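This report concerns only the one structure given below.
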Amino acid sequence: MWLKSIKAFKVTPPHGKTEQDWKEALARQISKPCPPDSGLAYGWSSAFKEEGAELVASVSGFHKVDFIVSKRLLPQDVIKQTVADRVAELELSQGVSVSKKEQRRMQDEVHFELLPKAFVQQKSAPVCWCPESNLLLVGTTQTAMIEHLVTCWAKCLPGWKLKPIQTETPPERKLTAWMKGDERLPDGLTWGESCQLVDPQDRYCTIRFNGNELTSHTVIQHLKDGMSVKQAALIWQEKIRFTLSEGCVLSALKPIDIDKEYEEGQSKAEQIAMDLALMAPLYHACLNDVLQACDGLPEKAEPVAPRAAIEVF
């Protein structure tokens, strides 16, 4: 449960549904090896990695499961070269040019022919749910991973709404106000060692500062000239370092002076349970304080566009 990043969601279970219902629903799509005839596979996996182990690890009101995405990597250049070789061979033997339509058909044919031989890349992301706050902490910020997770959630959990966290005040606006001195940095938060400024009129115009530069006159002057803070490193309660950016994403997470000391003879399951009991409450408390520092969640949820909503299957 040592996360490197956190993308948070708000979970709204259907009326009457419990944590046990959630666990049983996830079991509808267990992670399996990517089939030879498919380029993509994803599903849920137990953190214990042992045959017969429970899918979800549950400790002190927190529930953890891993989300796995397996993808077959087949470079487009390999397909194009294979098709080109076959086209050249046909034209040489038949003396007739191969049409574009036929080349497209050959491209699909080569793709499915080579797919079983493609290298399989597997990525995983820890997912932790706290039913008391209904916050879901996802340990990745990769867009593709999150999209697959949302799709898998919709298939397994029809009616369980999943909405990305959006605070009343965007983090970038709060970071700018704190660094500029218009507002006081909330208790429990101190500046880290880096920040990135951006020109609102030109998102490609960015400047990075490190160390003591964060509180320098140069940074303040850039902010007065109209730039804003895109992201900045912060320290929470002298326990966790992280970088805060758009959408209340916490990245580059690093616990401070917290060491894993397993007892001799502890099983893998006991070690995972200990990690979950130690770190989940810290990550949850840190995220909650960040949300409150950005004026909390909107009281009334905004309507979600049909494509962005979690569909009921």
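Summary of computed values
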| item | result |
| --- | --- |
| Extended-chain gain in nm, criterion 0.36 nm per residue less alpha-carbon gap, Leu40 and Thr206 | 56.2 nm |
| Trypsin sites (Lys or Arg not before Pro) restricted to DSSP loop in the range 1-77 with at most 14 other C-beta within 10 Å | Lys17, Arg28, Lys49 |
| Contour minus Cα-Cα distance for Val120 and Glu24 (0.36 nm per residue) | 31.7 nm |
| Neighbour cut-off at most 13 other Cβ (10 Å), DSSP loop, trypsin sites (Lys or Arg not before Pro), the range 148-236 | Arg184 |
| The range 13-108: relative contact order in percent, alpha carbon pairs under 8 Å with at least 6 residues between | 19 percent |
| Helix-derived mean residue ellipticity, 222 nm - over the chain, DSSP H n ≥ 4, -39500 (n - 2.57), to 500 | -10500 deg cm²/dmol |
| Sparsely packed GluC sites (Glu not before Pro) within the range 67-176, loop by DSSP, other Cβ within 10 Å at most 13 | Glu132, Glu168 |
| Projected label distance in nm at Ser97 and His15, using a 7 Å step from Cα toward the beta-carbon | 6.8 nm |
| Longest to shortest principal axis, alpha-carbon extents of the range 1-78, angstrom | 51, 29, 28 |
| Rounded FRET efficiency, nearest 0.05, which uses the C-beta distance separating Glu147 from Glu299 and R0 of 35 Å | 0.80 |
| 1.4 Å probe accessible area per residue over the chain, in Å² | 57 Å² |
| Residues Val78 and Arg184, FRET efficiency given R0 of 51 Å [Cβ-Cβ distance, rounded to 0.05] | 0.35 |
| Taking the convex hull of Cα positions in the chain, its mean projected area over all directions (nm²) | 22.7 nm² |
| Computed over the chain: relative contact order in percent, which uses C-alpha pairs under 8 Å that are six or more apart | 23 percent |
| Contour excess over end-to-end distance, with Cα ends at Glu193 and Gln271 and 0.36 nm allotted per residue | 24.9 nm |
| Given Lys49/Lys117; Lys64/Lys174; Lys123/Lys161; Lys23/Lys49; Lys64/Lys268; Lys4/Lys155, the pairs whose alpha carbons are separated by over 19 Å | Lys49/Lys117; Lys64/Lys174; Lys123/Lys161; Lys4/Lys155 |
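The values are calculated or read from the model by the stated rules, or taken from the named source; none is laboratory data. Everything numeric in this text was worked out from a predicted model, so none of it was measured. All Cβ positions, even for glycine, are placed from backbone atoms using ideal geometry, and neighbour counts span all protein chains on display. Just so you know, the surface numbers come from the protein's heavy atoms only, side chains and all, with ligands and any DNA or RNA stripped out. Shrake-Rupley method; radii C 1.70, N 1.55, O 1.52, S 1.80 Å.
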